[in-house]
Structure formats: structure tokens, C-alpha cells
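Reading through the C-alpha cells given below for one structure.
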Amino acid sequence: MGIIEVENLTKDYGFKRGVFGISFKIKKGEAYGFLGPNGAGKTTAIRHLIGFSKPDSGKARIFGLDSFKHYSEILDRVGYIPGEISLPQGITGYEFIDMMKKMRKVRDDSRVEKLIELFELDPSGDTKRMSFGNKRKLAIVVALMHDPEILILDEPTSGLDPVMQEAFMQLLKKERRRGKTILLSTHIFSEVETLCDRVSIIKNGYIVDEFPMSKLKYAEDKLYKITFGSSGEANELRARLEDNSIWICERQEGDTLYIQVNDRNINEFLSILKDYNVRLFSHEKLTLEEYFMQYYLDDVEFKGVSHG
Ligand SMILES: Nc1ncnc2c1ncn2[C@@H]1O[C@H](COP(=O)(O)OP(=O)(O)OP(=O)(O)O)[C@@H](O)[C@H]1O
Ligand SMILES: [Mg+2]
């Protein structure tokens, strides 16, 4: 059983907006990434998961409890950082922290103090006048101060400067080592790459792909960097490859081509290369970013990593 379970969840806002029959499970101790373009449905899924909205149909459960029915019990054990931070106005950061400490029954101040120090947060000012980044830091401190078992993070680093982004990612890695379960929605591929065990891709309200990160390393589509004796040869091969759909010439840098080849076609591809004077041949790691760009481009059909 997953510690987080979403089963056939549908919320239809009309005009094809919302989420439609999405399902996923996250095991205890797992870090799960949620990727997808703007408006894909990530925040909608997360808001249902933490019980802020009632689904039209389907289920969202955390710790085996129905999210909508048990949301206050769930929030006591979950650290949630919303995509859009809205803080109560007319109070200082300190007052907000105190309010949340009471709500989450935090008795020991040492963790709160450590978090404030780590993020160099100054909570003395009025929440209304805080900078975007400071509000984000305040939301992070408040979400983590009760040392929750599960972290549900909706674009948690947006608005943080690069040093703070790094500090936050290091903290998440540590929390994961401590056995925490993490759901991370983000547009930053490197965050998924460093943290997540599994990823799902959501687009237009549907989960269109889901796989363990290790699959990416063994993806059957590989990118090769090939340097030829002359740029004339590179031009010629590029032109020759243009009319087929089996291999894709991604780019050319003078005498060097970057070509994507599926493992199935590697022999055929090597036999074509025999006609050329190849000086260097190497396998380029396909980054998550390169791989997932296809899901962000509207006109590209889903290919997905082979699950075999
Ligand atoms: N309360 C609502 N009423 C009507 N439509 C909504 C509501 N909330 C979200 N939507 C719509 O549902 C779709 C999914 O929005 P959602 O915020 O879940 O996307 P997202 O994946 O989090 O995007 P982003 O990456 O921009 O944060 C969007 O088209 C959005 O306009
Ligand atoms: Mg969102």
C-alpha cells in the first residue's frame, strides 16, 4: 500500500481544464517528482491530495485516510508548501510562526530556530511587506517545523535565490535520507534529477507517463556525438538522415553531429557510418531536460520511455 494514493481522481473545471482520472501511488520513503507544463493540473492534483478540494470522482488518500474527510489530521503530519503563498495580513512573521506552532503543537523550538537560521529568514517584519522570497522562506519554515513524515511541495523553490535553492535541495536530500516521503512538483529538471526516485508527467490533466528515474539512464533512445574528418562529411550525413524518421539529427557543430538512435537501430546506423571518416564517437548522456522537452512542446506526440 502506498503512503500516498490517488485513484482515478477527476476534477472537471470545464473547458478541458482540471484533472481526469489520474492515479498514482507513492511508497513510504520515496521521492516522487511531478513534472508538466503550466496549467497541466499539478496544483489541482496536489490540492485534492491534501484535502483542500473535493474531487468530482475518485479518491485521494494519505496514510490510508481520505484526504477530504481527514484533512486537518493529515496536515498535522504533512509538510505542505503551496505554489502560491498567501499569508494572513496584519501580523509579523514571528506572530505567524507562533500561530502555526500552536496549530501544529510544536513544543520544541530548536528545529524552528535551525530552519530560520538555515534560510537566513528575518521574520520580524509585517507579512504584507515581505519580499516574495521571504514569504517563500517563511512558508518553508512553517511547513517543516513540525518535522512531518511527508513533504508535499508545489514548486517550493520558486522565488528563492540560487544559494537558497541549493540550501533547500540539500535539506530535502537530508530529509529523504531520514526516511521522509516527498512529492515534489517542479519545472526545474535538475531538482527532479537530484532528488527523485520516480517521476510522473502530467499534461492537459492526464498522467501521460510515469517511470523510475533509473529508466532514464537506460533509455533506449541514446544520443551520440560523432565528429567527422570534415564538416563536408557531417553536412552530407545530415542531409542523408533528414528524410528518415529512424534517427534524428539533433544538431550540428561544424564537423560534429549529435544524433539520436534507438538501440534497435544501432547496427543499421553503424553500417551507414562505415561510408564516412569518423574521428570521434561518443555517447552523450541524455539529460532529463532534453528528454522531457518533448512533453512541453505541444505538437509532439508522447513517446515515453520504454517500460520493458
Ligand atoms: N478553481 C479553479 N477553477 C477553474 N479552473 C481552475 C481552477 N483551478 C485550476 N483551474 C484550471 O485547471 C488547469 C490546471 O491548473 P493547475 O493550477 O493545476 O496547473 P499546474 O500544472 O499547477 O500549472 P503551473 O505549472 O502553472 O503551476 C488550468 O487550466 C487552470 O486554469
Ligand atoms: Mg501549479
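The values are calculated or read from the model by the stated rules, or taken from the named source; none is laboratory data. Values in this document were obtained by computation on a predicted structure and should not be read as measured data. Positions of Cβ are backbone-derived with ideal geometry, glycine not excepted, and every protein chain shown enters the neighbour counts. For the accessible areas, the whole protein counts, side chains as well, though only heavy atoms, and no ligand, DNA or RNA atoms are used. Shrake-Rupley method; radii C 1.70, N 1.55, O 1.52, S 1.80 Å.
The residue list Lys225, Lys174, Lys180 contains one member that is assigned by TED's automatic domain parsing to the domain that holds Lys16 and free of Cβ contacts under 8 Å to residues at least 60 places away in the same chain, which is Lys174. Can we say Ile97 is open to solvent by less than 10 Å² (accessible area, probe 1.4 Å), more than 16 Å from ligand 2 (Cβ to nearest atom), touching a helix residue (DSSP H, G or I) at 6+ places or on another chain (Cβ under 8 Å) and not in a loop (DSSP other than H, G, I, E, B)? Criteria met by Ile97. Looking at the structure I just gave you, is Ser110 at pLDDT 95 or above, farther than 20 Å from Ile150 by Cβ and away from ligand 1 (no atom under 16 Å from the Cβ)? No; evaluated as a whole, the condition is false for this residue. Reported count of residues in segment 1-28, each being more than 16 Å from ligand 2 (Cβ to nearest atom), open to solvent by 30 Å² or more (accessible area, probe 1.4 Å) and either over 19 Å from Lys59 (Cβ atoms) or in a loop (DSSP other than H, G, I, E, B) (or both), is 5.
Just checking, which of Phe119, Phe34 is within 16 Å of ligand 2 (Cβ to nearest atom), open to solvent by less than 60 Å² (accessible area, probe 1.4 Å), touching a helix residue (DSSP H, G or I) at 6+ places or on another chain (Cβ under 6 Å) and in the same structural domain as Ala167 (by TED's automatic domain parsing)?
Values: Phe119 fails: within 16 Å of ligand 2 (Cβ to nearest atom).
It is Phe34.
Restricting the first residue to segment 134-163 and requiring it to be farther than 21 Å from Asp108 by Cβ, which pairs with a second residue that is open to solvent by less than 10 Å² (accessible area, probe 1.4 Å) and more than 16 Å from ligand 1 (Cβ to nearest atom) meet a Cβ separation below 6 Å and a spacing of at least six or different chains? Within 6 Å, the pairs are Ile152/Val78; Thr157/Phe168.
Among residues of segment 150-176 being surrounded by 16 or more Cβ atoms within 10 Å (Cβ to Cβ) and part of a loop (DSSP other than H, G, I, E, B), the one that is farthest from ligand 1 (Cβ to nearest atom) is Leu160. Kindly establish whether Ala40 is buried (at least 23 other Cβ atoms within 10 Å of the Cβ), within 16 Å of ligand 2 (Cβ to nearest atom) and part of a loop (DSSP other than H, G, I, E, B). Criteria met by Ala40. Can you name every residue in segment 193-249 that is out of contact with any Leu (no Cβ under 8 Å at 6 or more places or on another chain) and among the aromatic types (Phe, Trp, Tyr)? Hits for segment 193-249 are Tyr206, Phe211, Tyr218, Tyr224.
Applying the criterion of at least 2 residues that are among the hydrophobic types (A, V, I, L, M, F, W, C), touching an Asp or Glu at 6+ places or on another chain (Cβ under 8 Å) and surrounded by 15 or more Cβ atoms within 10 Å (Cβ to Cβ) to the strands (runs of 3 or more DSSP E) found wholly in segment 178-243 leaves 181-185, 198-203, 221-228. In a residue-by-residue description of segment 51-72, the property of being within 14 Å of ligand 1 (Cβ to nearest atom), in the same structural domain as Asp154 (by TED's automatic domain parsing) and touching a residue at least 60 places away in the same chain (Cβ under 8 Å) applies to no position.
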